[in-house]
Amino acid sequence: MIGRISAKYALRSLGRHPRRTILSILGVGIGVAIGIAATSWIRGGAEMQIRAVSESGTGHLRIVPRGWSAERDITLRLAGGQDTARMVAAFPGVANAAPRSRVNGLLAFGNRNAGVEIVGVRPEVERRANRIVYKSKIEGRYLRPDDRGRVVIGRTIADRLRVELEDDLYVTLAGADGVRGAMLRITGILATGVRDLDATVCHVTLDTLKEISGYTGTGDISILLDDHRRIEETRRELALLLDQAEVLTWKEVNPGIAANVDGDRGFIRAMVGVIIMVVGLGIISAQLTAVMERRREMAVLTALGMKAGQVIGLVVIEALAVALGGAAVALVLGGTASYWLAVRGFNLQALMGPDFTFGDVLLDPYIYGDFGPWIIAYALVLSVAATVAASLYPAWIAARLQPADALRM
Amino acid sequence: MRPGTIDSLISSRQLTKVYTTGKVETPALRGVDLEVRAGEFTAIVGPSGSGKTTLLNLIGALDSATGGELVVLGRNVGTMSRRERADMRLRELGFVFQAYNLVPVLTALENVEFVLELQGVGDARRRRAREVIEQLGLTPLAGRRPGELSGGQQQRVAVARAVASLPRLVLADEPTANLDGENAEVLLQMMHDLNREHHITFIFSTHDPRVITHAGRVVTLVDGRVAENTER
């Protein structure tokens with residue numbers, strides 16, 4: 001056990017070489033601050049991607065017919081889809097439940113055509129739940145609940161087909177009973193600002209899709225939660241209520257984005273790991289020097305009866321003091337950087353150009369860092385863990401000093 | 001006579017110590033037979049390189065003998081674990097070094113208190129440290145760090161540290177070597193008083209004739225052997 005005088009000894013020993021101590025504290029502080037800023041950035045980036053993917057139609061959770069996952073067959077329908085959507089919309093923590101149905105089709109105008117996934121939507125929900133709708137510029141208007149035979153298409157499709165508002169498109173699609181054809185009047189042309197994404201948008205009302213395809217019922221229900229951290233909990237609760245359906249997370253629906261988020265996190269963790277390792281080596285070097293300079297003193301303490309565990313304790317207390325100083329520096333530097341990132345954000349357009357999509361997900365051009373109480377715990381845990389771990393080798397060396405050998409010096 | 005019998009505090013038989021540096025072997029002790037009884041004030045004298053410090057290191061369980069047998073305070077030092085040796089040093093031995101070896105970042109009082117803290121003495125340790133400091137006339141120096149003390153003052157604090165826990169045995173390696181005549185005399189008188197009043201056994205290594213005049217027994221080492229063992 002380390003007592004009051006031992007602690008005094010350890011802490012005052014740091015004052016013997018103030019410059020070395022300050023440099024050690026700065027080394028730990030700057031390393032951990034980089035870790036905080038990088039983690040803030042990546043957490044913000046992950047948050048943005050999760051928000052983007054969930055608000056781009058995937059939802060935080062998606063209820064699909066049982067068996068959908070195996071082949072992603074869009075012709076499968078949920079039993080009692082509308083009732084399920086109403087039940088889910090009233091579920092605690094659910095912000096929106098958007099029922100959708102999908103068929104593959106071919107839009108044609110004159111001698112031009114474009115292959116699309118035609119999505120049947122409930123317009124009043126889609127306007128709130130789908131950023132591809134509410135963040136885009138719309139020429140004309142978006143769908144209304146009572147719109148029959150009307151379609152909203154993306155700007156890229158409109159350009160490709162050379163069509164305008166109120167033009168009639170001929171749609172050929174794989175219906176329930178074979179190939180079908182129908183006419184759809186363009187009520188709105190939607191522009192996200194991203195050409196690739198605008199090539200995928202083709203919305204009709206659920207009733208229209210049912211009429212033209214012959215498929216009845218709802219294909220899936222995308223759910224947006226108030227708090228994405230409750231995804232797993234809500235999924236478990238919903239799964240208990242739904243026998244004939246699967247409840248998938250956004251990661252399962254959109255594994256590409258999930259892999260991207262995980263990859264970013266992994267990269268940052270590895271980067272922080274390398275930084276902390278380098279800082280740790282610096283701490284080992286500084287503490288080893290401090291221990292070797294005090295060999296004789298340590299030997300005297302050992303001669304007086306100090307046990308190996310107490311010697312280790314002394315060195316670890318010194319490291320702990322450096323760690324706490326480092327954590328304070330990290331909080332000031334890393335906290336400031338994270339706060340700046342959280343408030344001002346970082347505009348990716350300057351680096352990557354104007355197109356921010358990942359598959360059919362509309363990403364935000366700005367990444368805002370994550371700033372919160374986690375930074376305090378992060379700074380403390382990382383500083384203390386790295387510094388104390390780095391101090392163990394010098395402590396072990398100190399504990400192994402033979403008093404007679406050191407006193408002979 | 002078997003070592004460690006009667007009332008002997010220290011007993012050695014054919015004690016040897018050889019230092020090895022690479023392939024070079026340097027014998028420091030070549031078969032030392034020694035008995036020291038409880039309460040004695042013993043000086044170990046001899047020329048440089050005669051093995052005085054080595055013998056003190058072995059008695060103090062700071063080092064291991066190469067051969068022979070050494071019993072200190074009834075325990076065979078050669079068979080003790082590292083932890084047991086540390087425990088014996090902490091609880092039953094006191095050390096005074098030639099170079100004082102006080103902890104420079106602690107005050108005189110804290111240096112004394114430190115050893116008591118290592119021993120696990122609780123709330124009473126500060127009081128005990130103050131008592132010792134006072135007994136040895138060091139109260140005005142209690143709040144000073146070693147760098148602010150003279151050599152003589154530092155060595156008196158070192159003695160206070162060594163005797164704070166009233167050990168059975170104090171080992172002092174050339175304690176007066178760096179002191180002038182007046183300070184050496186004060187220190188020796190202090191140790192003599194502790195020896196008489198608290199029955200603490202003192203063993204010194206020394207070249208100093210002043211120390212020898214205070215000693216009740218003088219052991220002379222020459223070339224790692226006991227050349228003379230005189231009780232006075």
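The values are calculated or read from the model by the stated rules, or taken from the named source; none is laboratory data. Predicted model only: the values in this text are computed from it and were never measured. All Cβ positions, glycine included, derive from the backbone under ideal geometry; neighbour counts span all protein chains shown.
Just a few scattered comments:
- Across the stretch B:57-83, the qualifying residues are those that are on the phi < 0 side of the Ramachandran plot and within 11 Å of chain A (Cβ to nearest Cβ), and the one among them that is surrounded by the fewest Cβ atoms within 10 Å (Cβ to Cβ) is B:Arg83.
- Among the residues of the stretch B:84-111, those that are more than 10 Å from chain A (Cβ to nearest Cβ) and either touching a Phe, Trp or Tyr at 6+ places or on another chain (Cβ under 7 Å) or crowded, with 19+ Cβ neighbours inside 10 Å (or both) comprise B:Val96, B:Ala108.
- The single condition among (1) over 16 Å from the mean Cα position of the chain (by Cα); (2) in contact (Cβ under 8 Å) with a residue 40 or more places away in the chain; (3) more than 11 Å from chain A (Cβ to nearest Cβ) that B:Ile44 does not meet is (1).
- Residues in the stretch A:290-345 that are within 14 Å of another protein chain (Cβ to nearest Cβ) and in a helix (DSSP H, G or I): 21 in all.
- Taking residues in the stretch B:183-201 that are within 17 Å of B:Val36 (Cβ to Cβ), and partners anywhere that are among the charged types (D, E, K, R) and at pLDDT 85 or above, the pairs with Cβ atoms closer than 6 Å and at least 6 places apart or on different chains are B:Thr201/B:Glu40.
Conditions tested, residue by residue: (1) modelled with pLDDT under 90; (2) in a helix (DSSP H, G or I).
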residue	(1), (2)
B:Gly147	no, yes
B:Arg156	yes, yes
B:Ala160	no, yes
B:Pro167	no, no
B:Ala172	no, no
B:Asn183	yes, yes
B:Leu188	yes, yes
B:Met191	yes, yes
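- Subset of the stretch B:112-125 that is more than 9 Å from chain A (Cβ to nearest Cβ) and part of a helix (DSSP H, G or I) - its residue that is nearest to B:Gly94 (Cα to Cα): B:Val112
- Just one residue in the set A:Arg229, A:Arg236, A:Arg295, A:Arg269 is touching a residue at least 60 places away in the same chain (Cβ under 8 Å) and not β-branched (Val, Ile, Thr); that residue is A:Arg295.
- Any chance A:Gly309 is modelled with pLDDT under 85, surrounded by fewer than 19 Cβ atoms within 10 Å (Cβ to Cβ) and not aromatic (Phe, Trp, Tyr): no
- If you go through the stretch B:12-56 and keep only what is of a type in the set (D, E, K, R) and exposed (fewer than 15 other Cβ atoms within 10 Å of the Cβ), you end up with B:Lys23, B:Glu25.
- Which listed residue, of A:Leu14, A:Leu23, is of a type outside the set (Phe, Trp, Tyr), over 14 Å from the mean Cα position of the chain (by Cα) and more than 14 Å from every other protein chain (Cβ to nearest Cβ): A:Leu23
- Among the residues of the stretch A:143-156, none qualifies, meaning not one is buried (at least 22 other Cβ atoms within 10 Å of the Cβ), within 16 Å of A:Ala97 (Cα to Cα) and touching an Asp or Glu at 6+ places or on another chain (Cβ under 9 Å).
Results for (1) at pLDDT 95 or above; (2) more than 33 Å from the chain's Cα centre (by Cα), shown as yes or no for each residue.
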site: A:Leu107; (1), (2): yes, yes
site: A:Gly110; (1), (2): no, yes
site: A:Val125; (1), (2): no, no
site: A:Ala129; (1), (2): no, no
site: A:Ser136; (1), (2): no, no
site: A:Gly140; (1), (2): yes, yes
site: A:Leu143; (1), (2): yes, no
site: A:Val151; (1), (2): yes, yes
